[in-house]
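Engineer: Once you've had a glance at the structure underneath, I'll fire off some questions.
The values are calculated or read from the model by the stated rules, or taken from the named source; none is laboratory data. Keep in mind it's a predicted model, so treat the numbers as computed, not measured. Cβ placement follows ideal geometry from the backbone for every residue including glycine, while neighbour counts extend to all protein chains displayed. SASA here: full protein model, heavy atoms, side chains in, ligands and nucleic acids out. Shrake-Rupley method; radii C 1.70, N 1.55, O 1.52, S 1.80 Å.
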Amino acid sequence: MKSISSLILTPILILQVSYALAQHAESSKGSSSHSNKKIELYTTAENSNLRLSSSNNLISNKPSQQTSEKVFIEVDPKKTFQTFLGIGGAITDASAEVFAKLSPKKQQEFLTAYYDKKKGIGYSLARTNIHSCDFSSESYTYIAEGDKDLKTFNIDHDRKFRIPLLKKAIETAGGKLTLFVSPWSPPAFMKDNNDILHGGVLLPEFAQSWANYYAKFIKEYEKEGIPIWGLTIQNEPMASQRWESCIYTPEAERDFLKNFLGPTLEKDGLGSKKIIIWDHNRGDMLEKRAQLVFSDPEVSKYAWGIGFHWYETWNGGTPKFESVANVNKAFPNKNLIFTEGCIEKFDATKFQFWGNAERYGLDMINDFNNGTVGWTDWNILLDQNGGPNHVGNFCFAPIHADTNSDQLIYTPMYYYIGHLSKFVRPDAKRISNVASNKTLLSTSFLNADGKIATIVMNQSDKEVVYEIKINSLKNTITIPAHAMQTLVY
């Protein structure tokens, strides 16, 4: 196996250089001779040193030649779609525990890498767990077992690692981070299997206690100065896992929201919190849950939208982007949000495996093009072993820490995510983006400041020349093999 030190990159310096180059964009000569439209181009490419790097040299100054091989991407800012919420990742117990093992210098580098809008990739969205999940070092809850009245409720456990990291992330992000929370399981005594692990279902007699639990968690976190924007009802409600899990049929989730969770949050002054249903994979069930909840006015009034994961490909199938599109078409007034995805089955020899990044690019571009408003990666940080994890369910994160050498390992996934999170900002509008063929994947957003960000991905083994067209303006650009680009103009 390669030594971990040989895999370490220095993205902060790269991003600083890239951003510095952008600052004197007015004197740069990156536009084609066809127009005065100024484009700033950033590229990440395999088998190169390009990592979110300023790369205006890939914009041609020569008139484009009309060839059958060239790809054309036409952008129309007058045709707008969903409003962008943000991109980010989950701040789990595991991430917080690993973060605490880093030196102060490396902690600051890490925070800057993710949350600084200029020097890093500007994460604006986050998720965290309500008591333990698989990416915790142990199972725990916030109450004494059997305390249905929640008299013993306290979040002392989280004050050691997770709350300090959340506060630092919010500060680095400029004081605001859109944070939603998710439970993996009710306490054991509230379930029919009397086990916080291994699935089971919520017992009817504890439905109100469990609804109260969400409200108490939100209030306690907000007392700590951590605003909660929203919540999902249950992580992966159709999966009985060897870790924290709980099963909800579509009808059970609907009824819990309608009769307990929704009314309880309203009664406790938390009615403005955004409630997200499903929080599981794309596919037929995504559509079924949406239909069941959103078609019932008495329960739909509590649901801001529906969340989904990407693990429907676990058994070798293809991503079911069409189910996202179908829900968006059927319920245009509801929101779609990607709530979790990661590269499963950790392998320390694949920190720099490019295919992992391309999976992110493929999914992000397709999810946004099908109406998704926000996209949330899984753990923001894991150690050199893909953990900690109390059930051995190790996986990849965009950044890993070698806690033995106090070094950060930046994977290609970090840069691919950054091509969207850094340049597409909250409140942007997705705009029409049409490619002449499927050689390249692309999407475009109009930011609130009037700047357009077009993201282009090349999964092929060859560089591709494409022409970007907006109104009557054209620019010819080369994208290397296995690369991601962002055009800002």
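Engineer: Scanning for something at pLDDT 95 or above, in contact with a strand residue (DSSP E or B) (Cβ under 6 Å, 6 or more places away or on another chain), surrounded by fewer than 21 Cβ atoms within 10 Å (Cβ to Cβ) and charged (D, E, K, R), does segment 429-450 turn up at least one residue?
Structural biologist: yes
Engineer: Restricting to segment 388-397, name every residue that is closer than 16 Å to Thr411 by Cβ and buried (at least 21 other Cβ atoms within 10 Å of the Cβ).
Structural biologist: Phe396, Ala397
Engineer: Looking only at segment 48-67, filter to residues that are under 9 Å from Thr476 (Cβ atoms) and open to solvent by less than 30 Å² (accessible area, probe 1.4 Å); which one of those is modelled with the lowest pLDDT?
Structural biologist: Ser64
Engineer: Look through Lys334, Lys320 and report the one residue that is touching a Phe, Trp or Tyr at 6+ places or on another chain (Cβ under 6 Å) and basic (Lys, Arg).
Structural biologist: Criteria check complete, one pass: Lys334.
Engineer: For segment 195-226, name all the residues that are assigned to a loop (DSSP other than H, G, I, E, B), open to solvent by 10 Å² or more (accessible area, probe 1.4 Å) and touching a residue at least 12 places away in the same chain (Cβ under 8 Å).
Structural biologist: Ile196, His198, Gly200, Val201, Leu203, Glu224, Gly225
Engineer: Within segment 93-117, track down each residue that is surrounded by 24 or more Cβ atoms within 10 Å (Cβ to Cβ) and either of a type in the set (Asp, Glu) or at pLDDT below 95 (or both).
Structural biologist: Selection gives Asp93 alone.
Engineer: Further question: What pairs come out if I take residues in segment 332-346 that are on the phi > 0 side of the Ramachandran plot and pair them with residues that are surrounded by fewer than 20 Cβ atoms within 10 Å (Cβ to Cβ) and assigned to a strand (DSSP E or B) whose C-beta lies under 8 Å away, six or more apart or interchain?
Structural biologist: From residues that are on the phi > 0 side of the Ramachandran plot, the pairs are Lys345/Cys395.
Engineer: Here is a further query. Among all residue pairs at least 6 apart or on different chains, which show Cβ distances below 8 Å where the first residue, located in segment 147-159, is in contact (Cβ under 8 Å) with a residue 24 or more places away in the chain and the second is crowded, with 17+ Cβ neighbours inside 10 Å and of a type in the set (Val, Ile, Thr)?
Structural biologist: Leu150/Ile143; Phe153/Ile143; Ile155/Ile163
Engineer: Across segment 143-152, what is the number of residues that are closer than 28 Å to Gly387 by Cβ and touching a helix residue (DSSP H, G or I) at 6+ places or on another chain (Cβ under 7 Å)?
Structural biologist: Matching residues across segment 143-152 total 1.
Engineer: Taking the condition of being surrounded by 15 or more Cβ atoms within 10 Å (Cβ to Cβ) and among the charged types (D, E, K, R), how many residues in segment 181-194 meet it?
Structural biologist: Matching residues across segment 181-194 total 1.
Engineer: Any idea which of (1) of a type in the set (Gly, Ala, Ser); (2) open to solvent by 20 Å² or more (accessible area, probe 1.4 Å); (3) touching a residue at least 60 places away in the same chain (Cβ under 8 Å); (4) out of contact with any strand residue (DSSP E or B) (no Cβ under 9 Å at 6 or more places or on another chain) is the one Gly120 doesn't satisfy?
Structural biologist: Checking Gly120 against (1) of a type in the set (Gly, Ala, Ser); (2) open to solvent by 20 Å² or more (accessible area, probe 1.4 Å); (3) touching a residue at least 60 places away in the same chain (Cβ under 8 Å); (4) out of contact with any strand residue (DSSP E or B) (no Cβ under 9 Å at 6 or more places or on another chain), the one that fails is (2).
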